[in-house]
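Only one structure is covered here, and it is reproduced in the block below.
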Amino acid sequence: MSTIQTIVLAVVEGLTEFLPISSTGHLIMVSSLMGIGKEDFTQFFEVAVQMGAILAVVVLYWKKFFTFRDWKFYVKLIIGVIPALVIGYKMGPIIDNLLINPLYTALAILAGGFVLLVIDNAFPRSTIKEEKDITFLNSLVIGIFQCAALIPGVSRSAATIIGGMQQKLTRSVAAEFSFFLAVPTMAAATGYKLLETLKSNPEVFHDSSNMKALVIGNVIAFLVAFFSMRFLVDFVKKYGFKAFGWYRICVGLLFLVMIKMNQIR
């Protein structure tokens with residue numbers, strides 16, 4: 001994987017991880033267009049580059065993450081991440097099979113677009129306007145919604161935001177709680193992928209070019225994700241999610257065309 005390819009994938013990850021448009025789908029498309037194969041390291045990179053995005057959440061909301069007196073905040077994150085950890089562990093082989101066939105990813109992106117077209121009006125009565133008002137039960141339900149994102153193309157951000165709005169969080173609070181919940185979720189996914197790669201092919205970490213790619217990728221993903229999060233919160237306050245819905249529909253159709261033309265396999 002060249003330096004240019006590393007930078008492009010990192011930018012794509014930073015832009016799409018927290019927007020409700022599916023980072024997995026975009027990485028698959030961009031990787032295919034650039035002719036990047038599915039070697040052990042590239043598969044690990046596409047997961048590990050999320051660490052830069054995680055750090056962006058922690059830095060942007062550092063007061064929330066490092067106010068240790070607010071113990072309930074950490075409990076909410078633990079409760080919220082448990083469903084995805086359990087279901088992800090149980091359904092690992094099934095998820096891997098879904099990733100192999102990009103058609104499922106394309107259809108999930110397309111279907112998610114139609115959901116986002118109507119989501120603004122689906123839950124009109126938002127009563128939770130601050131994170132501190134989110135209950136443990138709210139966190140659990142949002143965590144259950146997050147499990148839908150185990151299907152490639154659904155989008156973890158979209159699933160958790162929809163779950164938050166269903167639990168009567170405002171659009172902006174739902175988006176921010178989605179960011180918070182991303183930290184333990186993505187850290188766990190990256191850690192699991194690291195152990196899996198170390199077990200199957202530890203030699204990939206002995207290559208200095210691979211280590212360089214990880215550093216460059218995470219730095220860029222951090223910078224891009226930092227600004228994309230701020231954009232999302234401001235955007236959904238004013239305009240809602242309909243624009244993301246239309247975008248997903250266009251990307252999903254493009255994805256299907258690329259599959260039909262054997263550009264994505």
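Throughout, read-outs are computed from the coordinates displayed, never taken from laboratory work. Keep in mind that what you see is a predicted model, and the values were worked out from it rather than measured. Please note: Cβ atoms are built from the backbone with ideal geometry, for glycine as well, and neighbour counts cover all protein chains shown.
By counting other Cβ atoms within 10 Å of each Cβ, how are Ile36, Ile144, Ile109 ranked from fewest to most? Mind showing how you got there, number by number?
Working: Ile36 19, Ile144 16, Ile109 31.
So the ranking, lowest neighbour count to highest, is Ile144, Ile36, Ile109.
Give me a comma-separated list of calculated 3J(HN,Hα) values for the stretch 41-47, in order, Karplus coefficients 6.51, -1.76, 1.60 applied at θ = phi - 60°, integers in Hz, x for any Gly or Pro.
Residue by residue, the stretch 41-47 yields 5, 5, 5, 5, 4, 5, 8 Hz.
Highest mean first, how do 209-217, 233-241 rank when packing is the count of other Cβ atoms within 10 Å averaged over residues?
So the order, starting with the most tightly packed, is 209-217, 233-241.
From the phi angles alone, apply the Karplus equation (6.51, -1.76, 1.60; θ = phi - 60°) to the stretch 14-26 and give each ³J(HN,Hα) in whole Hz, x where the residue is Gly or Pro.
Result, rounded to whole Hz: x, 6, 9, 4, 9, 8, x, 10, 6, 5, 4, x, 5.
Pop out the Kirkwood hydrodynamic radius of the stretch 3-260 from its pairwise C-alpha distances, inverse of mean 1/r, in Å to one decimal.
18.4 Å
Rounded to the nearest 20 Debye, what is the dipole magnitude of the chain about its Cα centre when Lys and Arg each give +1 and Asp and Glu each give -1 at the C-beta?
Approximately 780 debye in magnitude.
For the stretch 71-113 and the stretch 172-191, what is the centre-to-centre distance using only Cα atoms, to the nearest Å?
A separation of 12 Å, based on Cα centres.
Under a cut-off of 18 Å between alpha-carbon atoms, report the aspartates and glutamates in cross-link reach of Lys212, not counting same-chain residues fewer than 8 places apart.
The reachable aspartates and glutamates, counting only those whose Cα sits under 18 Å from Lys212, are Glu13, Glu39, Asp40, Glu46, Glu203.
Under 22 Å Cα-Cα from Lys129, which lysines qualify once same-chain neighbours fewer than 8 residues away are excluded?
In chain and number order, the partners are Lys63, Lys64, Lys72, Lys76, Lys168, Lys237, Lys238, Lys242.
I'd like the distance between the alpha-carbon centres of the stretch 218-265 and the stretch 12-39, rounded to an integer number of Å.
10 Å
How would you order 188-199, 38-49 from highest to lowest mean count of nearby Cβ atoms within 10 Å?
38-49, 188-199
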